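Read the structure below first, then the notes.
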Amino acid sequence: MAAGALDGRRATTHWQWADLFTARHPDVRLIPDVLFVDDGDVLTAAGSAAALDLGLYLVRRDNGAEIANAVSRRLVFAAHRDGGQRQFIEQPVPHVPDASLAPVLAWARENLDRPLTVADLATRAAVSPATLHRRFQRELGTTPLAWLTAERVALACRLIERGEPRLEAVARATGLGTGANLRIQLRRHTGLSPSAYRRRFGSDEGTVPAAGRLVSAPSSRGRR
């Protein structure tokens, strides 16, 4: 930074040092309260924990959602965290992990094709929506709705990677509803359109079984 390598470029740093950073490096376009910034050939993270977020982002970008999710499970770390730095840094860490979310998370992943709502998740967990929200923030660092959307997008990515060509079918199978919403959410979470994502990560196989409740085949042969 002292050499001016970041001058005129976007970057981030730990929120505690944002003011000092700006004072020392006024030519850098600092973006505060984010976990990481991708400025092409230069990527910056906002601390050691945020470096894991950045690493998983790179894994997802270069190798697809399925591998990124597998890595995140090995790390016992959320595959995608929404929100600013303060949301996570100032959140107290419980002495005893709360495992009560595990059943409802597993159930939701098995039913992503359904029009699930936060109220549905709360009912399944036998708690109020407000309590569920607090548990999600504490355990996963995100909201129930943001987690649900991220899971739907992750499933959509896997279906595209495995060869499903029909966006409307992917949208229905993942609960995203329409191809238009799928395009919006995929670009928001991956930075890529469905066609660009398919070119980068799609399977070369003509027909493969898809994850979830969708089993697809080329349109000329119909459904299996």
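Overview of results
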item	result
Selected residue (criterion: farthest from the chain's Cα centre (by Cα)) from residues of region 185-207 that are at pLDDT 65 or above and part of a loop (DSSP other than H, G, I, E, B)	Gly202
Of residues in region 26-57 being part of a loop (DSSP other than H, G, I, E, B) and β-branched (Val, Ile, Thr), the one modelled with the lowest pLDDT	Val34
Some residue of region 17-29 being polar (S, T, N, Q) and either exposed (fewer than 13 other Cβ atoms within 10 Å of the Cβ) or touching a helix residue (DSSP H, G or I) at 6+ places or on another chain (Cβ under 8 Å) (or both)	no
Residue satisfying condition, being crowded, with 20+ Cβ neighbours inside 10 Å, at pLDDT 80 or above and touching a Pro at 6+ places or on another chain (Cβ under 6 Å), within set Leu159, Leu182, Leu167	Leu167
Ala210 modelled with pLDDT of 85 or more and either assigned to a helix (DSSP H, G or I) or among the aliphatic types (A, V, I, L, M) (or both)	no
Total residues in region 186-200, condition surrounded by fewer than 19 Cβ atoms within 10 Å (Cβ to Cβ) and not basic (Lys, Arg)	5
Residue match in region 71-88 (condition: within 30 Å of Arg198 (Cα to Cα), aromatic (Phe, Trp, Tyr) and at pLDDT 90 or above)	no
Count of region 1-16 residues which are part of a loop (DSSP other than H, G, I, E, B) and exposed (fewer than 14 other Cβ atoms within 10 Å of the Cβ)	6
Residues being touching a Leu at 6+ places or on another chain (Cβ under 9 Å) and either part of a helix (DSSP H, G or I) or among the β-branched types (Val, Ile, Thr) (or both) - total across region 106-118	5
Residue list for region 7-52, restricted to those being closer than 20 Å to Thr190 by Cα, of a type outside the set (Gly, Ala, Ser) and in contact with a strand residue (DSSP E or B) (Cβ under 6 Å, 6 or more places away or on another chain)	Arg10, Thr12, Ile31, Phe36, Val37, Asp39, Thr44
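The values are calculated or read from the model by the stated rules, or taken from the named source; none is laboratory data. These numbers come from a predicted model, not from an experiment. Neighbour counts run over all protein chains shown; Cβ positions are idealised from the backbone, glycine included.
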